[in-house]
Amino acid sequence: MRDGAAIAGLGMTELGRVYGRSPRRLAADAVRAAVADAGLGLGELDGLLVSHGLGGSPGIEVADTLGLRDLRLLTQMNSFGATAGAMLSYAAMSVLSGAATTVACVFADAPLKPKQSAGSAYHRDAAEWYGFGGMTAALGLRSVNAFYALAAQRHMARYGTTSEQLGAIAVSTRDWASRNPLAQMRDPITLQDHQDSRWVAEPLHLLDCCLVSNGAIAVVVTSADRAADLARPPVHLWGWGQGHPGHRKERGSAFGLTTGAATSGPIAMKMAGITPADVTQAQLYDCYTYTVLVSLEDYGFCGKGEGGAFAASGALGPDGALPTNTGGGQLSGYYMWGMTPVSEAVIQARGDGGDRQAPSDMILVSGNGGILDHHATLVLSPHRKGA
């Protein structure tokens with residue numbers, strides 16, 4: 001960690017209901033944009049890490065599309081929403097070890113099709129459920145929504161968390177989104193709007209659930225020394241960590257009560273030399289409002305079981321003590337797996353947030369994957385560590 005690693009470039013394609021490009025093409029476009037943002041040429045990349053979503057292309061195909069040859073680092077990864085944080089940590093370690101000098105990390109997917117509802121974008125046919133997985137499907141647990149609803153119900157039963165407290169997260173997130181021209185849903189909402197929105201899987205209302213988007217986001221990671229001389233202000237990687245709890249969905253497990261943030265958060269913050277009290281804003285993975293709530297607890301921003309009250313206090317909004325998901329997150333902004341919180345953290349650390357700019361001295365970024373199976377945490381700052 002002596003010299004440090006930094007994010008030097010950020011590239012984003014159009015996001016949302018954009019059609020006509022495959023995930024491979026979208027990934028290549030985002031990488032080109034990130035390299036140009038850093039003031040580099042494609043030929044200066046010697047590493048490429050690809051998160052292929054659920055319908056993307058292997059890393060070698062993205063590299064071929066970009067015309068990249070003789071890379072020193074190339075792989076595709078999938079820990080679902082935790083992949084972006086993991087990719088950036090591996091990119092940083094590669095740069096610090098000398099295994100590579102300039103690494104692009106990219107997520108791309110295109111699950112939305114013309115004339116297709118967003119709800120069917122990640123639908124699994126009944127024929128895909130087999131073995132023991134077919135037993136849970138027979139009981140009605142046939143979607144990610146249903147499993148997260150089960151987790152939220154568990155938290156509610158144990159700690160008294162309410163739907164209105166989840167709604168407070170949806171309202172504050174939309175407040176931030178109203179200030180982000182890239183957000184898909186910008187009209188303000190009230191708590192009553194949240195309560196009146198239809199059930200998706202009780203206790204999750206429609207406004208508790210993230211959007212579905214097509215598009216790609218990429219970042220370029222290099223050494224802090226090199227990043228200091230490039231085109232855009234560097235965003236320094238102070239710490240990172242992972243947690244993979246693998247909770248079984250059975251009596252006696254902690255499923256729904258804790259996440260991998262309880263493991264990855266302390267690792268990342270210890271590496272960065274900070275505590276939760278030092279964090280000036282958070283970009284938390286919000287596939288559901290519930291995910292934000294339980295992550296707040298596991299990171300130590302409030303006590304276990306106190307996430308609902310913390311969110312309802314207004315702490316996460318523009319005037320709150322912990323500005324959270326300042327771009328609208330995935331609930332209102334755009335759904336790019338873990339690259340959504342990463343990209344907003346870069347924008348904020350550079351001071352490019354405009355009307356939504358929040359204090360950015362120390363930014364905690366989270367990624368959650370699977371059904372609370374994977375977690376990745378990053379600590380980012382506009383300041384070089386030790387400077």
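The values are calculated or read from the model by the stated rules, or taken from the named source; none is laboratory data. Only a predicted model underlies this, so the values are computations on that prediction, with no experimental measurement involved. Because the Cβ atoms are built from the backbone with ideal geometry, glycine has one as well, and the counts that use them run over all protein chains shown. For accessibility, only protein heavy atoms count, side chains too; no ligands or nucleic acids. Shrake-Rupley method; radii C 1.70, N 1.55, O 1.52, S 1.80 Å.
Here are a few things to note about the model shown:
- For region 290-333, the carbon plus sulfur part of the accessible surface works out to 48%, probe radius 1.4 Å.
- Average accessible surface area per residue within the chain, 1.4 Å rolling probe, Å²: 39 Å²
- Rounded to whole Hz, the Karplus (6.51, -1.76, 1.60) HN-Hα couplings of region 311-323, x for glycine and proline: 5, 5, 6, x, 5, 8, x, x, 9, x, 6, 9, x
- For residue 9, distant residues with modelled amide H under 5 Å away: 220
- For residue 101, nonlocal amide neighbours, meaning residues 5 or more places apart or on other chains whose placed amide H falls under 5 Å from its own, are 46.
- Local net charge near residue 215, Cβ-Cβ under 15 Å (Lys/Arg +1, Asp/Glu -1): +2
- Taking Cα atoms only, the orientation of helix 163-177 departs from the longest principal axis of the chain by about 30 degrees.
- Compared with the alpha-carbon gap, the fully stretched path from residue 157 to residue 267 is longer by 36.7 nm at 0.36 nm per residue.
- Residue-wise HN-Hα couplings along region 73-78, as the Karplus relation 6.51 cos²θ - 1.76 cosθ + 1.60 with θ = phi - 60° gives them from phi, are 8, 7, 6, 10, 9, 8 Hz; Gly and Pro carry x.
- Here's the picture: a label point sits 7 Å out from the Cα of residue 355 along the beta-carbon direction, and within region 180-217 the residues with their amide nitrogen under 20 Å of it are 180-191.
- Taking a ≥ b ≥ c as the square roots of the eigenvalues of the Cα gyration tensor, region 310-365 is classed as oblate, since a/c reaches at least 1.5 and a/b does not exceed b/c.
- Maximal additional length on extending the residue 206-residue 164 stretch stands at 13.8 nm, based on 0.36 nm per residue less the C-alpha distance.
- Sorting the segments 375-386, 195-206 by their mean number of nearby beta carbons within 10 angstrom, highest to lowest, gives 375-386, 195-206.
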